[in-house]
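Before any comments, here is the structure.
Every number in this text was worked out from the coordinates using simple rules, so none of it is lab data. The structure presented is a predicted model; accordingly, all values stated were derived computationally and were not measured. All Cβ positions, glycine included, derive from the backbone under ideal geometry; neighbour counts span all protein chains shown.
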């Protein structure tokens, strides 16, 4: 549970880090606007930083690969869970409701990521699967860092 709370706390820091400081070196890690992309990027890095901190307290022999895969999946789980509210409830227009829902989404996503990696670390992974995980993680880093500086003209990258 502590990792989920740490993930949530780091998510909040990264959400406002660039806005409050305007430090350019934070751009690849922090949100710079309210687009879907920026929120997924925040989720990716918040989960990675919480995992990095977790590493120092872990005794798991199979630590990194399950967590790197969770790290790749967490932002997309944020996207899926976030859009369930407008799908089933609709647009409320209330900033308070959106903020509360955002906290719920990040918390639940953290729970799912931790549950997934805990079960996955019990399974020995073949080198092919480890290679795929590393590739997906590396592509994610390139995706989130690369588009932090130059966004294409696609809705996913625009502020709603």
With everything on Cα atoms, drop me the angle between helix 95-120 and the longest principal axis of the chain, reported from 0 to 90° to the nearest 10. 10 degrees
Sites residue 24 and residue 59, calculated FRET efficiency, Cβ-Cβ separation with R0 30 Å, nearest 0.05: 0.20
Using only Cα atoms, tell me the angle between helix 127-149 and the longest principal axis of the chain; keep it within 0 to 90° and round to the nearest 10. 30 degrees
Between residue 9 and residue 128, 0.36 nm times their residue separation minus their Cα-Cα distance comes to what? 39.4 nm
Stretched out fully, how many nm does the piece from residue 91 to residue 108 gain, at 0.36 nm a residue minus the Cα gap? 4.0 nm
Contact order normalised by length for the chain, with contacts defined as Cα pairs under 8 Å and 6 or more residues apart; what percent is it? 34 percent
Within 10 Å, count the other beta carbons around each residue, average over each peptide in 35-42, 102-109, and list them highest first. 35-42, 102-109
To the nearest 10 degrees, the tilt of helix 36-55 (Cα long axis) against the first principal axis of the alpha carbons of the chain is 30 degrees
Given [x] 82; [y] 61; [z] 56 as possible values of percent of Cα pairs over 19 Å apart, the one from the coordinates is [z]
When the helices in the chain are scored as -39500 (n - 2.57) per DSSP H run of 4 or longer and the sum is shared across all residues, what 222 nm value do you end up with, to the nearest 500 deg cm²/dmol? -24000 deg cm²/dmol
